[in-house]
Amino acid sequence: MKTLRLRSGREVNVCILQSDGTNCDNELFYAFKKFGGSPQFVHVNELRNKSKTLKDFHILALPGGFSYGDDVASGKIWAIELVSFLREEIENFRKRGGLIIGICNGFQVLIRTGLLPFGNLGKMDATLAANSSGHFECRWVRIKSNKSNCVFLKENNQVGWFSVNHGEGKFFSSPGIIKKIEDENLVTFRYVDEQGNPTQKYPENPNGSLNAIAGVTDPSGRVLGLMPHPEKFVDVTQYPNWRREKIIKPHGAFIFEDMIKFAKEGK
């Protein structure tokens with residue numbers, strides 16, 4: 001795999017991919033910009049008509065929202081579009097060592113393309129099903145960073161508050177696939193209780209995800225997807241209880257810091 005190399009002093013170019021219905025793209029843009037990236041909004045049609053190309057970017061970021069109204073299933077139509085029309089573009093980006101992150105709806109898209117959990121573009125091995133609660137979840141939950149194959153995440157066993165906003169966030173697959181995900185160290189984040197232990201209890205686990213899985217990476221460690229929104233807590237004051245809990249550093253910051261640093265080092 002070739003790795004994208006940066007010239008000294010050059011910024012990390014981040015493609016914030018948009019489609020009809022994405023609505024967390026501005027927050028994602030702000031997060032990457034704050035921590036030293038050079039983000040740019042790119043509509044999926046610009047990649048399809050080749051007026052823009054992923055060759056110019058080091059990070060591909062798929063934001064949250066409701067792409068194409070989440071018709072059929074959350075992220076399904078956007079995933080089909082990417083696999084059907086941009087397979088070669090995405091595969092070449094991966095071969096060059098690009099990093100990919102999908103958050104909430106973006107995570108749903110990465111799962112449905114097959115990029116997660118095993119990097120099998122075009123083959124879906126898991127799903128994000130309807131929440132066990134039976135309704136849309138909009139709350140703050142604790143998640144814990146898990147030691148995994150992700151090449152750029154440095155913080156392990158850290159518990160932080162993250163916002164969740166989804167109706168289909170239950171990570172689900174067959175027992176064999178779940179075991180393979182665990183055995184290959186692909187779990188990056190888990191929902192945890194007050195003691196920091198993985199939990200199936202509601203509302204600490206807001207959607208009933210198996211093994212309390214909140215985020216995963218692929219075998220290369222260069223693709224990351226998670227349901228909670230780190231981009232919504234990159235300023236201390238974005239968290240409603242920041243003064244009561246004496247928050248010093250926003251809990252979502254390290255994900256963007258680590259991605260930008262890794263890309264700048266050209267690993």
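Every read-out reported here was derived from the displayed coordinates using simple, explicitly stated rules and does not represent laboratory data. Keep in mind it's a predicted model, so treat the numbers as computed, not measured. Positions of Cβ are backbone-derived with ideal geometry, glycine not excepted, and every protein chain shown enters the neighbour counts.
Could you line up F66, F152, F32 from fewest to most neighbouring Cβ atoms inside 10 Å? Display every interim value, and only then the final one.
Values: F66 18, F152 21, F32 24.
Listing F66, F152, F32 from fewest to most nearby Cβ atoms yields F66, F152, F32.
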Long-range amide H contacts for G208: which residues qualify at under 5 Å (H placed 1.01 Å from N, peptide plane, sequence gap of 5 or more or a different chain)?
-> S132
Can you sort L54, L226 by how many other beta carbons sit within 10 Å, fewest first?
-> L54, L226
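Rounded, prolate or oblate: pick one for the range 209-267, where a ≥ b ≥ c are the square roots of the eigenvalues of its C-alpha gyration tensor, a/c under 1.5 means rounded, and failing that, prolate if a/b is larger than b/c, else oblate. Don't jump to the answer; show the numbers that get you there.
Values: a/c = 3.37, a/b = 1.39, b/c = 2.43.
Oblate, because a/c is 1.5 or more while a/b does not exceed b/c.
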Using the reciprocal of the averaged 1/r over all distinct C-alpha pairs, how large is the Kirkwood radius of the range 79-151 in Å?
-> 14.0 Å
Looking only at D125, D71, D193, which one moves most when the chain is put into a Gaussian network model with springs between Cα atoms under 10 Å?
-> D71
Among beta bridges that DSSP assigns inside the chain, antiparallel share in %, nearest 5 = 55 percent
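Which FRET efficiency, nearest 0.05, do R139 and S174 yield, Cβ-Cβ r, R0 35 Å?
Between R139 and S174 the formula returns 0.75.
First select every other residue whose beta carbon is under 12 angstrom from the beta carbon of E204; then total the charges, Lys and Arg +1, Asp and Glu -1. Working shown, then result.
Working: positive: R139, R142, K144, R190, K201; negative: E137, D193, E194.
Result for the neighbourhood of E204: +2.
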With a ≥ b ≥ c from the Cα gyration tensor eigenvalues, square-rooted, and the rule rounded for a/c under 1.5, otherwise prolate when a/b > b/c and oblate otherwise, the range 86-243 is prolate
Rounded to 5, percent antiparallel among DSSP beta bridges of the range 1-128 | 5 percent
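Local charge sum around P117 (other residues, Cβ-Cβ under 10 Å, Lys/Arg +1, Asp/Glu -1)? Intermediate results must be reported in sequence, preceding the final value.
Values: positive: K180; negative: D125, E184, D218.
Its environment carries a net charge of -2.
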Rg and Dmax of the range 138-228, Cα atoms, in Å?
-> 12.2, 32
Determine Rg/Rh for the chain; Rg is computed over alpha-carbon atoms and Rh is the Kirkwood hydrodynamic estimate from the same atoms.
-> 0.94
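Please identify every one of the trypsin sites (Lys or Arg not before Pro) in the range 11-86 that sits in a loop by DSSP and has no more than 11 other beta carbons within 10 Å of its own beta carbon. Display every interim value, and only then the final one.
Working: sites: K33, K34, R48, K50, K52, K55, K76; in loops: K50, K52.
Of the trypsin sites (Lys or Arg not before Pro), the ones in loops of the range 11-86 whose Cβ has at most 11 other Cβ atoms within 10 Å are K50.
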Any residue on another chain or 5+ positions along whose placed amide H is under 5 Å from the amide H of T188 is listed here as G215, V216, T217
Averaging sequence separations of C-alpha pairs under 8 Å and six or more residues apart, then dividing by the length of the range 134-248, give the relative contact order as a whole percent.
-> 29 percent
Near the amide H of G37, under 5 Å away, which other amide H atoms are found, from residues 5 or more places off or on another chain, if H is placed in the peptide plane?
-> none
How far is it, in nm, from the label point at T237 to the one at K147 when both lie 7 Å from their Cα along the line to the Cβ?
-> 3.9 nm
